[in-house]
Amino acid sequence: MSMSALIYKLTVVHGKLDDAIRHEHKRRFPDGIRLLRLKKLRLAVKDRLQSLVGFGRQERV
């Protein structure tokens, strides 16, 4: 898998997690444990994305 394909896939996953979190918040009785799990996954995907994108943007001295 190329780097750009991986970044695209992670971006899609991040968006789906955002949607799931929004949907859970709209429920009458949101599941706190599920929200924590979704947010943790979203943060892990975000960190992975930043490490991949940031890898190409390192400053050279």
Rounded to the nearest 500, the 222 nm mean residue ellipticity computed for the chain from DSSP H runs (n ≥ 4, each -39500 (n - 2.57)) alone is -28000 deg cm²/dmol
Matching label for the computed Cα extents along the principal axes in Å, out of (1) 53, 24, 14; (2) 48, 22, 20; (3) 62, 26, 11, is (1)
Longest principal axis of the chain (C-alpha) makes with the long axis of helix 32-55 (C-alpha) an angle, in degrees to the nearest 10, of 10
Note to self: with every protein chain in place and a 1.4 Å probe, the chain gives an accessible area per residue in Å² of 87
Computed about the Cα centre, the charge dipole of the chain from +1 Lys/Arg and -1 Asp/Glu charges at the Cβ has a magnitude in debye, to the nearest 20, of 220
Here the gain from full extension of residue 25 to residue 11, 0.36 nm per residue of separation minus their alpha-carbon distance, amounts to 2.9 nm
In degrees rounded to 10, the 0-90 angle between helix 3-26 Cα long axis and the longest Cα principal axis of the chain is 20
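The values are calculated or read from the model by the stated rules, or taken from the named source; none is laboratory data. No experiment lies behind these values; they were computed from the predicted model shown. Neighbour counts are summed over all protein chains in view; Cβ atoms, including those assigned to glycine, are modelled from backbone coordinates with ideal geometry. Side chains are part of the model used for accessible areas, which takes the heavy atoms of the whole protein and leaves out ligands, DNA and RNA. Shrake-Rupley method; radii C 1.70, N 1.55, O 1.52, S 1.80 Å.
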